[in-house]
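A short worksheet on the structure shown next.
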Amino acid sequence: MITNFPTNPKMNLAGLSTFLFIPRYQVKTVPDIDLKIINTPIELKSGYEWLKGYSTLETLQFTEKGNSDDPGTSCEPSLKGFMPGDLPEITLLFEEMEQLRHVIITKDMMGKLRIVGLHEPLEFTSSFNSGQNVGDSRGYSFEFFGESLKKAPYYMR
């Protein structure tokens, strides 16, 4: 049912503070979504845990672009960030991640969690840039991306 827009919140900080990720095959159960909220913890397969992501301060961004096409609506979720440095372990990790599909949990500056890719897992890509000038940041731009029939639900774990 369509209603009025909710009232404007008193505080509305932009940006994300952090994210967690896990390859989708390591998720055991997918809880029900009720009114865009998941209230039940996501159960992982034995021996697996959520992995901590990292992005340089103020470079982490989550977007969901809505699309309206035949046969209906969909959206394109994307989590972009920047991992500084040039180390073999970063290169190896990112190469492995590019071979799998992932589920992510985003945490915004207001402490709200959203879970992305639970039903339609996200792909991962990265790009290294050495920088050109002394003040440039060298490292990897990365992105989790995909297509989904519905926008990411909130996660109240």
remark   = Within region 119-152, residues within 18 Å of Leu44 (Cβ to Cβ) and part of a loop (DSSP other than H, G, I, E, B) come out as His119, Pro121
message = Leu122 - would you say it is touching a Ser or Thr at 6+ places or on another chain (Cβ under 9 Å), more than 19 Å from Gly15 (Cα to Cα) and either open to solvent by 70 Å² or more (accessible area, probe 1.4 Å) or among the hydrophobic types (A, V, I, L, M, F, W, C) (or both)?
response = yes
ask   = Counting residues that are without any contact (Cβ under 8 Å) to a residue 24 or more places away in the chain, over 24 Å from Arg157 (Cα atoms) and open to solvent by 80 Å² or more (accessible area, probe 1.4 Å), which strands (runs of 3 or more DSSP E) fully inside region 1-118 reach at least 3?
value = 61-69
query = Which of the following residues is within 12 Å of the chain's Cα centre (by Cα), among the acidic types (Asp, Glu) and on the phi < 0 side of the Ramachandran plot: Asp69, Asp136, Asp108?
reply = Asp108
query = Restricting region 140-157 to residues that are farther than 16 Å from His102 by Cα and among the aromatic types (Phe, Trp, Tyr), which is most open to solvent (accessible area, probe 1.4 Å)?
reply = Tyr154
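The values are calculated or read from the model by the stated rules, or taken from the named source; none is laboratory data. For clarity, every value in this text was computed on a predicted model and none was experimentally measured. So basically every Cβ, Gly included, is an ideal-geometry build from the backbone, and we count neighbours across all protein chains shown. For the accessible areas, the whole protein counts, side chains as well, though only heavy atoms, and no ligand, DNA or RNA atoms are used. Shrake-Rupley method; radii C 1.70, N 1.55, O 1.52, S 1.80 Å.
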